[in-house]
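Encoded as structure tokens, the structure appears first; notes follow it.
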């Protein structure tokens, strides 16, 4: 089952126990807007029956939909509690990040004159149906769709995690054969998975996780150069502001946002020319999201092409230079930046 189906199953398992107090920790992080609306309806019915609910979320738009009071924590400390009626989004952001966040979506636009990735007639039987598109150097191509549309499978197929029935993939104008992830990495592709646990080795420290993609391209008889590994990691820890900045700390003890930065650092270190981002801000707070978006700007400025798969309508509308909408394994619409709104995207995806 994919991440969203796993999450719905987990939620159903909790509901069937008929709890008197219910704790929900990021229950919508993998859900589409339709599934979220269904969940909120169930929460309302439980509350009417007298069930007490603690709802943990990084999605500020969900606060007035599910809560009467909102409490903000930062760095393990209680910052404050407000009634939902007196807490606007700007106030909550300031409490969460400890400063005024000047711009939530710091999008920069660069001239795009060359193609980094071209896909022609991509077919995975029963999943993807004859998909063709291209990504320019320095471009962010957004992919939007509801659960089951085939968005995640598209990234996996390009990266060699899912066998193709037919189709062609071109990098910098040259056709490449990608049958496994090592082929993708060798040809300059990187993948940020929807579930961070799939992309990290949790018990290994930060340096080992950052250099992992590069090591996969080296012969087995090459010894590990731990000093060089640590020096490279230190540079990325400083550049991406990974906290805490400890080289020997296992990544399983980092926050979600800092784990995401470690995976991003891996692809920066690998010098990937095209990055496939599947839900790059899933489960991270608003401050970490802004930092991820700033990093995406740095990457596109260097000429990296980014495929950005997201179920978050505001961020895909704000950050993508172009948007492709998916439904049932096919593209149903294409928009350039500024041409679409949330209603249009949902209409084409439904």
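The values are calculated or read from the model by the stated rules, or taken from the named source; none is laboratory data. Computed from a prediction, not measured in an experiment: that's the story for all the values here. Cβ sites come from the backbone with ideal geometry, for glycine too, and all protein chains shown count toward neighbours.
Assorted remarks:
- The residues in region 43-81 that are at pLDDT 85 or above and in contact with a helix residue (DSSP H, G or I) (Cβ under 7 Å, 6 or more places away or on another chain) can be counted, and the count is 14.
- Verdict on residue 141 being at pLDDT 90 or above, buried (at least 20 other Cβ atoms within 10 Å of the Cβ) and over 30 Å from residue 347 (Cα atoms): no
- Residue tally, condition under 18 Å from the mean Cα position of the chain (by Cα) and at positive phi, over region 10-30: 1
- Here is the figure for region 95-125: residues that are modelled with pLDDT under 80, closer than 23 Å to residue 70 by Cα and over 21 Å from the mean Cα position of the chain (by Cα) total 4.
- Counting only strands (runs of 3 or more DSSP E) that sit completely within region 135-220, those holding 1 or more residues that are within 19 Å of the chain's Cα centre (by Cα) correspond to 140-145, 189-192.
- Restricting 216, 208, 270 to those that are closer than 22 Å to residue 182 by Cα, touching a helix residue (DSSP H, G or I) at 6+ places or on another chain (Cβ under 9 Å) and modelled with pLDDT of 85 or more reduces the list to 208.
- Region 200-217: number of residues that are in contact with a strand residue (DSSP E or B) (Cβ under 8 Å, 6 or more places away or on another chain) and surrounded by fewer than 20 Cβ atoms within 10 Å (Cβ to Cβ): 4
- Subset of region 152-180 (residues that are surrounded by fewer than 17 Cβ atoms within 10 Å (Cβ to Cβ), touching a strand residue (DSSP E or B) at 6+ places or on another chain (Cβ under 9 Å) and without any contact (Cβ under 8 Å) to a residue 24 or more places away in the chain): 175, 176, 177
- Any helices (runs of 4 or more DSSP H) falling wholly within region 233-350 and containing at least 1 residues that are surrounded by 23 or more Cβ atoms within 10 Å (Cβ to Cβ): 256-269, 286-301, 313-319
- Being closer than 22 Å to residue 308 by Cβ, modelled with pLDDT of 80 or more and surrounded by fewer than 18 Cβ atoms within 10 Å (Cβ to Cβ) is not true of residue 91.
- When residue 110 is tested against the conditions (1) touching a helix residue (DSSP H, G or I) at 6+ places or on another chain (Cβ under 7 Å); (2) part of a helix (DSSP H, G or I), the lone failure is (2).
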